[in-house]
Structures are given as structure tokens and as C-alpha cells.
1. Stokes-Einstein at 4 °C, 1.567 mPa s, Kirkwood radius from Cα pairs: D for the chain in µm² s⁻¹?
2. Write down, largest first, the equivalent ellipsoid semi-axes of the stretch 327-385 in whole Å, where each equals the square root of 5 times an eigenvalue of the alpha-carbon gyration tensor.
3. Could you name the lysines in cross-link range of K254, using Cα to Cα under 16 Å and dropping any fewer than eight places away on the same chain?
4. If packing is taken as the average number of other Cβ atoms within 10 Å across a peptide's residues, how do 331-342, 109-120 rank, most packed first?
5. In the stretch 6-71, which trypsin sites (Lys or Arg not before Pro) are in a loop and have at most 16 other Cβ atoms within 10 Å, using DSSP for the loop call?
6. I'd like the GluC sites (Glu not before Pro) in the stretch 367-397 restricted to DSSP loop residues with at most 16 other Cβ atoms within 10 Å, sorted by number.
7. Please go through the residue pairs K329/K426; K388/K427; K324/K416; K324/K374; K142/K221 and name each one whose alpha carbons sit more than 18 Å apart in this structure.
8. So how far, in whole Å, is the C-alpha centre of the stretch 134-148 from the one of the stretch 355-428?
Amino acid sequence: MIVLPEKVKYIIETLEENGYEAYAVGGCVRDCILGRTPMDWDITTSALPEQVKKVFHRTIDTGIEHGTVTVMLQKEGFEVTTYRVDGDYEDGRHPKEVTFTASLIEDLKRRDFTINAMAYNERVGLVDEFDGRGDIERKLIKCVGNAKERFSEDALRMMRAVRFAAQLGFEIDEDTKNAIKNMADGLRRVSAERIQVELTKLLVSDHPEELRTLYETGLTKVMLPEFDLLMETEQNTPHHCYNVGEHTIHAVCKIRAEKILRLSMLLHDISKPECRTTDCDGRDHFKGHPAKGAKKAEEILRRLKYDNDTIKKVTRYVKYHDDKPNADKISVRRTISRIGEEYYPDIFEVFLADRLAQSEYKRKEKLKYVEEYKKIYEEIMRENDCLKISDLALNGNDLMGLGIQKGPKIGETLKKLLDYVLENPKKNTREELVDYMNTFLGE
Ligand code: ATP
Ligand code: MG
């Protein structure tokens with residue numbers, strides 16, 4: 001059932017030949033039993049880091065103070081970690097101390113969930129002290145040992161529980177879930193970087209609707225309180241059938257499993273609560289929420305320490321998620337130019353996911369509009385129309401050659417030329433542009 005790759009077998013056997021114990025452990029064993037292909041193979045051993053380094057030719061000190069050495073075989077690296085018992089997690093972040101142990105079972109005990117606490121090698125077979133296999137069959141995420149204790153040692157494990165539920169389509173064991181509800185506040189002590197990793201994995205998983213579990217257990221209240229507001233904001237309008245939070249969850253589920261797109265849907269309506277007004281007919285409006293939302297999204301993503309590229313793209317999608325140009329070529333050309341060609345065609349997925357998470361009201365018309373818009377976009381792309389200043393048949397140097405003074409005038413003129421060409425794509429030739437310039441330059 002578990003087939004170790006040749007290189008993993010080699011590492012384990014080499015350690016054994018030198019008198020040590022060694023096993024594949026954690027995620028790779030879990031994934032094999034699930035019939036999934038493991039992302040990477042971690043090895044756990046009784047050998048101390050210095051001993052591992054003596055046995056193999058090429059090693060890298062990846063985290064030697066935590067007992068981890070990377071063994072290099074050809075171009076591939078394998079993390080080999082000494083059996084260890086973690087000390088108290090003082091601040092819920094870093095283990096205060098790492099103590100090595102001679103016992104595999106002690107090492108398995110410190111791991112987060114039963115499904116992650118199995119080890120395997122060919123000599124011994126599966127070591128499954130905490131019935132991880134049973135929990136895989138029952139589709140359960142369950143702490144090893146006392147859930148409350150485990151979460152007080154490392155509060156990130158609460159996010160991990162929900163993340164694994166989302167990746168595997170598992171339930172969280174009742175006891176473990178209750179412990180999360182009790183201990184959620186402890187997540188405050190965990191660094192934004194670690195939280196971000198788990199949030200992203202949850203979002204791009206097969207079950208991003210587990211966001212709801214983050215909310216129900218009180219975890220979003222700590223790491224994304226803005227989401228709690230969404231869950232508390234009703235939308236009394238024929239366009240919607242859910243509150244803003246539920247609409248958001250549905251929208252996340254409707255879009256492709258890709259980080260930027262999933263984050264964009266998570267945050268697309270983030271400013272609806274503060275933008276909500278109710279008219280005299282009792283109908284809700286959310287004027288200005290995309291622009292406000294882009295600012296808030298940026299604030300949130302910075303707080304969660306996302307990289308600049310992610311922040312730039314997600315805020316762009318948030319800002320324009322509700323942008324609806326007329327379905328004609330000039331309007332669409334202007335819109336692509338304003339939003340940025342690089343956000344197309346993915347932005348159509350944002351438009352669709354948003355609409356598919358709304359009520360059935362005018363659904364057909366809404367989808368037809370997006371389809372038309374996309375067709376026009378494709379036509380514009382096929383025709384290779386000029387959409388940005390760098391596509392113009394004249395550049396700044398050309399303008400100076402034509403006698404325009406260096407300085408702001410150059411930029412202003414280029415902008416005017418672009419506006420002209422967006423309306424008249426055939427006119428993007430040197431001659432036509434010079435003609436056009438003569439109509440306004442003498443002014
Ligand atoms: P994946 O790599 O697919 O996200 P994984 O199970 O390999 O899943 P890692 O974060 O790579 O997860 O961790 C490897 C193993 O280390 C886990 O299977 C688990 O046994 C243990 N582990 C990781 N993080 C923790 C933690 N915070 N507390 C306790 N054990 C942990
Ligand atoms: Mg892993």
C-alpha cells in the first residue's frame with residue numbers, strides 16, 4: 001500500500017545499516033494511505049543531526065537546532081529530522097526548547113493530528129500508535145492527546161485543523177472542535193506569517209467553504225475580524241439571497257482554485273458593511289464598496305504579510321470586480337486600458353464567480369453580459385489594438401523630435417494620443433498621429 005520512492009528507501013536503509021532507526025513520517029504516510037501523491041517525503045530518525053551528517057556525503061543544515069538536516073541525493077533534497085520532544089511553546093510560536101529522544105513514539109506524540117502521526121518503513125511496517133488510519137477511514141481531524149493542551153502549546157494547530165479539513169474533505173472531531181472554540185483567542189499569539197500560510201492553503205483547497213468553520217469556531221474573529229462583519233451584514237436586495245459573508249463563501253467556491261483569484265473573492269465585498277445604506281423602500285445599497293474595499297483589502301493583506309505582487313493583483317480585482325462597461329468596442333478598449341491588460345482574461349472569472357453567488361434574479365442577463373464583454377475583449381486581442389502608451393506608434397522621443405518640449409507636456413500628449421487611438425484603433429500610425437496632434441497643438 002505504501003510504496004517508498006527509491007531515494008527514500010536508500011536514506012532509511014543507509015541509516016539502518018549504520019545502526020539507527022529511520023521512518024517516513026507525517027504528511028507523506030497520510031497521503032499514501034489516502035491514495036494521494038505526497039508532495040514531499042519527511043524522514044524521522046533516532047540518529048542525531050551530527051550522525052546523519054556523517055552518514056551522507058552531501059547535507060545541508062536546514063534547521064539543525066531543531067534537529068533537521070537536508071540530505072541531498074542528486075538534485076533532490078530530503079529532510080531528515082531527529083526524533084524529538086518539543087518543549088513548552090512559550091509564546092505559542094516557537095518551541096522554547098527541543099529535546100531529542102530515542103523513542104519514535106515520543107516523536108509521534110508531539111505531532112498535531114492522528115492522521116499526521118504515523119510512521120512507516122519496510123522493516124517494521126506502519127507505526128500507528130494513535131489510530132490515524134481509523135481516523136482516515138472515519139474522515140476525522142483529531143488531535144493527538146488532549147486537544148486543549150495541544151492548542152495551548154501551539155495555537156496555529158487550530159488553523160491547521162480547519163485547513164486539513166478543507167484539503168481532505170474531513171470533519172473535525174467534536175472534542176477537537178470544541179477545544180478550538182474554547183481556545184480560539186490564543187491565535188493572537190501566532191505570527192501573521194504562519195497564519196497566512198494556513199489561510200492560503202485553505203483557500204486553494206477543494207473545500208474553501210471551510211471558511212465557515214473558521215468563523216463558527218471564532219478563528220476569523222482573531223485573524224480576519226472583517227469577515228465576521230460580512231457574516232453579520234444582510235443584503236436586502238433582489239440581487240442577493242445570502243448575507244455578505246455567505247455570498248463571499250459561495251463566490252470563493254465558484255472561482256478556480258488559484259491563490260490570487262480565491263483571495264480576490266474572499267475580499268471583493270469586504271467594505272460592504274461600512275457602505276451599506278437602506279432606502280425608503282427598505283432596499284439595501286452598497287455604493288462605493290469596490291474602491292473602499294480595495295483599500296481595506298490592501299490593509300488586510302499587509303497585516304497578513306502577503307507579498308507585494310499578491311497585494312497589487314488582489315486589490316486590483318477587488319477594485320474592479322463590479323466594473324461594467326457598455327458592451328461596445330470603444331468602451332471595452334477604454335476599460336481594458338484603465339484596468340490593465342494583464343488582469344485579463346482572469347478578471348472574467350471574478351465577474352462570473354460573483355454573479356454565480358448571487359440570487360437567480362436576472363441571472364441569465366447577467367451571464368449574457370459577461371459573455372458579450374468577453375467576446376469583445378477577445379476580438380480586441382485578436383486585432384492587436386493599441387491599449388497602452390507603450391503600444392503607440394509614437395513615443396516620447398518622437399514627440400520631442402516633433403518639437404514638443406521635454407517635461408509634463410510629453411506625458412499629457414501621449415495620454416491624448418492614447419485616448420484617440422482607443423476610440424480609433426486604425427489610426428495608430430505615425431502619420432495619423434502627427435495629423436491628429438496638429439489639430440490640438442497649435443491651441
Ligand atoms: P502538507 O505538507 O501537505 O501541507 P504536512 O502534514 O506534510 O502537510 P507540514 O506542515 O509539512 O504538514 O508538517 C509535516 C509534519 O510535521 C506534519 O504531518 C505533522 O506531523 C508535523 N507538524 C507540522 N506542524 C506541526 C505543528 N504545528 N504541531 C505539531 N506537529 C506539526
Ligand atoms: Mg509537508
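Laboratory data are not the source of any read-out in this text; all were calculated from the coordinates shown. Keep in mind that this is a model prediction, so the values were computed, not measured. Cβ sites come from the backbone with ideal geometry, for glycine too, and all protein chains shown count toward neighbours.
1. Value of D from the Cα-based Kirkwood radius: 50 µm²/s.
2. Output for the stretch 327-385: semi-axes of 22, 12, 9 Å.
3. K366
4. Per-residue mean Cβ counts within 10 Å order the peptides as 109-120, 331-342.
5. Values: sites: K7, K9, R30, R36, K53, K54, R58; in loops: R36, R58.
For trypsin sites (Lys or Arg not before Pro) across the stretch 6-71 that sit outside H, G, I, E and B with at most 16 neighbouring Cβ atoms in 10 Å, the list reads R36, R58.
6. Passing both the DSSP loop test and the Cβ count: E383.
7. Numbers: K329/K426 13 Å; K388/K427 14 Å; K324/K416 23 Å; K324/K374 12 Å; K142/K221 23 Å.
As for pairs spanning more than 18 Å Cα to Cα, those are K324/K416; K142/K221.
8. 55 Å
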